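Colleague: This is the structure I want to talk about, given as structure tokens.
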Amino acid sequence: MTTPSNEIERQLQATAAENTRLRDRQNATAEILRIIAASPSDARPVFAAIASSSKRLLGGFSATVLQFIGDELHLVAFTPTSPEADEGLKASFPRRIEDFPTFALVRGGETIQFPDAEAEDVPELNRNLARLRGFRSVLFMPLMNRGTAVGMISVTRTETGAFAPDLVQLLQTFADQAVIAIENARLFNATRETLERQTATADILRVMAASPSDVQPVFDAIAANANRLIGGFSTAVLRYIDGAAHLAAFTPGDPEGDRVLRASFPVSFAQFPAYQLTANGESAQLPDTELEPAARDIARARGFRSMLFTPLMSEDEAKGVIIATRRTTGAFAEHHVRLLQTFADQAVIAVKNVSLFNQVQARTIELAKSLDDLGAAQDRLIQTEKLASLGQLTAGIAHEIKNPLNFVNNFAALSAELTDELNEVLAPVSLGNDVRSEVDALTGMLKDNLQKVVQHGRRADSIVKNMLLHSREGGGEYGLSDINALVEESLNLAYHGARAEKPHFDVTLKRELDPAAGSAELFPQEITRVLLNLVSNGFYAVTRRKADTGGAGYEPVVTATTRDRGDRIEIRIRDNGTGIPDEVKAKMFNPFFTTKPAGEGTGLGLSMSHDIVVKQHGGTIDVATEPGKFTEFTILLPRKSSFVNSG
């Protein structure tokens, strides 16, 4: 007979056991929640804790957690039994959901029990698995998320019999926690992936902004970011140019594999299956390269097993492709496909941006050149008008000076003759010796002064004549002229002119005329004046040096050279004469500056030459010289001057 004290003790023990059981369940639930909080991006630690707690609290033999991923069932956690049984369990997964009969039983959210795995109504697969693992009864609890089964928990026991309702309810609690862990991980990873995609997109946009004229850095950034975010083995960007695929960028791997990859491109479309796969503008995949003969060799060489192809589409035409690879087999996730499409769109934008930038830059350069040419033409028109106005003024002044200058020259010469007549008249007159000496001295001095007046008057007359020549409007007919012919004609004119003035003048003329020099648009008479002036100066310099050296061992040489310089023509006039000192070289193009003796130079020749070459024709004239050795003038004339002949 049970005493009241025994009954109370029994109730207390039962209450204590129940409290312990509830506390264990609460602790297990709390532990699982703690693990959920500690691993927001990975549900696997939660699954492991659920499997362990389920086995312990349900008094089970083993527990497993299965997750439905795509159309496959994956083993994500289990409690070990024996090595052989564990290996058999792991070898059974992943498997197609349609090949797992239990899925059909739980997909609607129902809890399923097999009180005896050996019963006839138990599917054969479950029976075989029970024998392999060593259990006799099993409880399946679906993991339901918004009405959809996303996995299941199974708990087994070695004895037969149904699980108590409270144990079923406890397993339901664990199933709910597993769903929370799955959803948390999904949301966390989705947020992280979104942030990573946004960061990668921003990084590529930054690279685009930093390299508007070069698409290569963009391709490099796309390959690197795509490979990182997809978790790929390698990623390559290819461009389609002239019927062939060209390797534009790739993520490096092992050196030998990289060498094989580089050596595979460029490749024609006919030998590049990826072109046919994506020609319709849609992404394509090879889940297992071993099943595709066209991709097998390069996949083995590089070390990957699956491929994703995303075309670069512009105006409904494929301009290239991004190829991502992985070491594992299987289809790429949909969000990875979308990510690669985003990168492909950015690659197309980068190509268009670079093309537009280069077009704008080329147009800007072209417009700037046109503006420069127009400015030069305007400057020359203004210069021509100024020269014309200055020429009219100069001509007027020169004409006004010429009359009194002629009067001075004529009367100075006449006065010199009159001094001679005065001496003749005074010769028979009886004068004292002192007076006679003074008269002779005065008339001699007067005659010398008059001769100097005549000499300088002649130089002034030469200056006036050159001023009149310099003031001429225009330069004859403007048109296409043969440069070599002009140089040859100028040499002959200068040489024969020098021989006519000084019959004993002798110089060696050398010609190095480039047949490719061709023609240029210019004023031939004006350029001839320039060449005559430079050649004549060369004649003067070699004559001076010959006189200074006494002619011993010295051969005067003047050389004329022409060269084709593309859109310009080069003319050089070189002499081996006296050369030009630095202080003279700095002033030699100034009007009226000359180092020649009075009467032998006006100082206008080089000034006129400079204006004709530079201001009238848009060319350049430079001089290289070494005193006592040589002087060389170099003229560069444009073949097509931007001078506008206003008529």
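Colleague: Could you please let me know if G601 is modelled with pLDDT under 90 and surrounded by fewer than 19 Cβ atoms within 10 Å (Cβ to Cβ)?
Modeller: no
Colleague: Please verify whether E366 is part of a helix (DSSP H, G or I) and modelled with pLDDT of 85 or more, treating the condition exactly as stated.
Modeller: Considered against the rule, which asks whether it is part of a helix (DSSP H, G or I) and modelled with pLDDT of 85 or more, E366 comes out as yes.
Colleague: Related question: Identify the single condition in (1) exposed (fewer than 13 other Cβ atoms within 10 Å of the Cβ); (2) in contact with a strand residue (DSSP E or B) (Cβ under 6 Å, 6 or more places away or on another chain); (3) not in a helix (DSSP H, G or I) that A516 does not satisfy, given that it satisfies every other one.
Modeller: It is condition (3) that A516 fails.
Colleague: In addition: Working only within segment 140-184, note down all residues that are surrounded by 17 or more Cβ atoms within 10 Å (Cβ to Cβ) and part of a loop (DSSP other than H, G, I, E, B).
Modeller: F163
Colleague: May I ask you to list the residues in segment 545-569 that are outside any strand (DSSP E or B) and either touching a helix residue (DSSP H, G or I) at 6+ places or on another chain (Cβ under 8 Å) or at pLDDT 90 or above (or both)?
Modeller: Within segment 545-569, Y554, E555, P556, G566, D567 meet the criteria.
Colleague: Restricting attention to segment 110-139, which residues are of a type in the set (D, E, K, R) and surrounded by 20 or more Cβ atoms within 10 Å (Cβ to Cβ)?
Modeller: R133
Colleague: Still on this structure, please answer the following. For segment 208-233, name all the residues that are modelled with pLDDT under 85 and either under 17 Å from Q341 (Cβ atoms) or not in a helix (DSSP H, G or I) (or both).
Modeller: Pass one, segment 208-233, residues modelled with pLDDT under 85: 208-213.
Residues satisfying the conditions are S211, P212, S213.
Colleague: For the structure I just gave you, tell me whether P287 is in contact with a Ser or Thr (Cβ under 8 Å, 6 or more places away or on another chain), surrounded by 15 or more Cβ atoms within 10 Å (Cβ to Cβ) and not small (G, A, S).
Modeller: Taking the combined requirement at face value, the residue satisfies it.
Colleague: From (1) part of a helix (DSSP H, G or I); (2) of a type outside the set (A, V, I, L, M); (3) within 60 Å of the chain's Cα centre (by Cα), pick out the condition that doesn't hold for H74.
Modeller: (1)
Colleague: Which residues, taken from segment 229-266, are aromatic (F, W, Y) and either in contact with a helix residue (DSSP H, G or I) (Cβ under 9 Å, 6 or more places away or on another chain) or outside the structural domain of L308 (by TED's automatic domain parsing) (or both)?
Modeller: Hits for segment 229-266 are F233, Y240, F250.
Colleague: Within segment 238-248, can you find the residues that are touching a residue at least 60 places away in the same chain (Cβ under 8 Å) and surrounded by fewer than 21 Cβ atoms within 10 Å (Cβ to Cβ)?
Modeller: Result: R239, Y240.
Colleague: Something else now. Yes or no: I323 of a type in the set (V, I, T) and more than 18 Å from V267 (Cα to Cα)?
Modeller: Working: of a type in the set (V, I, T): yes; more than 18 Å from V267 (Cα to Cα): no.
Against the criterion (of a type in the set (V, I, T) and more than 18 Å from V267 (Cα to Cα)), I323 does not qualify.
Results for (1) of a type outside the set (A, V, I, L, M); (2) modelled with pLDDT under 85; (3) in a helix (DSSP H, G or I), shown as yes or no for each residue.
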| site | (1), (2), (3) |
| --- | --- |
| A301 | no, yes, yes |
| T310 | yes, no, no |
| F332 | yes, no, no |
| L339 | no, no, yes |
| F343 | yes, no, yes |
| V348 | no, no, yes |
| K386 | yes, yes, yes |
| Q392 | yes, yes, yes |
| A398 | no, yes, yes |
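Colleague: Contact list please: Cβ distance under 7 Å, first residue in segment 257-285 and within 16 Å of A324 (Cα to Cα), second residue of a type in the set (D, E, K, R) and assigned to a helix (DSSP H, G or I), pairs at least six apart or on different chains.
Modeller: What qualifies is G257/R302; L261/R302.
Colleague: Separate question: Looking at R529, is it in contact with a strand residue (DSSP E or B) (Cβ under 7 Å, 6 or more places away or on another chain) and closer than 22 Å to I621 by Cβ?
Modeller: No: the conditions fail for R529.
Colleague: In segment 290-317, which residues are in contact (Cβ under 8 Å) with a residue 24 or more places away in the chain and buried (at least 18 other Cβ atoms within 10 Å of the Cβ)?
Modeller: Across segment 290-317, the qualifying residues are A299, R302, F304, R305, S306, L308, F309, T310, P311, L312, M313.
Colleague: From the list F505, F539, which one is surrounded by 15 or more Cβ atoms within 10 Å (Cβ to Cβ) and assigned to a loop (DSSP other than H, G, I, E, B)? Steps first, please.
Modeller: Values: F539 fails: assigned to a loop (DSSP other than H, G, I, E, B).
None of the other options fit; the residue is F505.
Colleague: Picking from A77, A119, which residue would you name as being touching a Lys or Arg at 6+ places or on another chain (Cβ under 9 Å) and over 30 Å from F332 (Cα atoms)?
Modeller: A119
Colleague: Next question, about the same structure. Name, by its number, the condition in (1) part of a loop (DSSP other than H, G, I, E, B); (2) in contact (Cβ under 8 Å) with a residue 24 or more places away in the chain that does not hold for P252.
Modeller: P252 satisfies every listed condition except (2).
Colleague: Can I ask one more? Taking into account only those residues within segment 261-278 that are loosely packed, with under 15 Cβ neighbours inside 10 Å and of a type in the set (A, V, I, L, M), which is farthest from T235 (Cα to Cα)?
Modeller: Here is the first cut: in segment 261-278, the ones loosely packed, with under 15 Cβ neighbours inside 10 Å are 262-263, 268, 270-271, 276.
Pick out the ones that are also of a type in the set (A, V, I, L, M) and you get 263, 270.
Working: A263: 16, A270: 22 Å.
In this case the residue turns out to be A270.
Colleague: A further question on this structure: Anything in segment 70-99 that is closer than 23 Å to T158 by Cβ and of a type in the set (A, V, I, L, M, F, W, C)? List them, or say none.
Modeller: L75, A77, F78, A85, L89, A91, F93
Colleague: Next up: Would you point out which residue out of T29, T64 is touching a residue at least 12 places away in the same chain (Cβ under 8 Å), assigned by TED's automatic domain parsing to the domain that holds K90 and touching a strand residue (DSSP E or B) at 6+ places or on another chain (Cβ under 6 Å)? Quick ask: steps written out before the conclusion?
Modeller: Values: T29 fails: touching a strand residue (DSSP E or B) at 6+ places or on another chain (Cβ under 6 Å).
Of the residues listed, the single one that is touching a residue at least 12 places away in the same chain (Cβ under 8 Å), assigned by TED's automatic domain parsing to the domain that holds K90 and touching a strand residue (DSSP E or B) at 6+ places or on another chain (Cβ under 6 Å) is T64.
Colleague: From the list T191, T201, T235, T251, pick out the single residue that is under 14 Å from P311 (Cα atoms), surrounded by 12 or more Cβ atoms within 10 Å (Cβ to Cβ) and polar (S, T, N, Q).
Modeller: After applying the criteria, what remains is T235.
Colleague: Can you tell which of A520, A516, A552, A560 is in the same structural domain as I483 (by TED's automatic domain parsing), aliphatic (A, V, I, L, M) and closer than 17 Å to H504 by Cα?
Modeller: Working: A520 fails: closer than 17 Å to H504 by Cα; A516 fails: closer than 17 Å to H504 by Cα; A560 fails: closer than 17 Å to H504 by Cα.
On inspection, the qualifying residue turns out to be A552.
The values are calculated or read from the model by the stated rules, or taken from the named source; none is laboratory data. Every value quoted in this text rests on a predicted model; they were computed, and no experiment measured them. We place every Cβ from the backbone using ideal geometry, glycine too, and count neighbours over all the protein chains shown.
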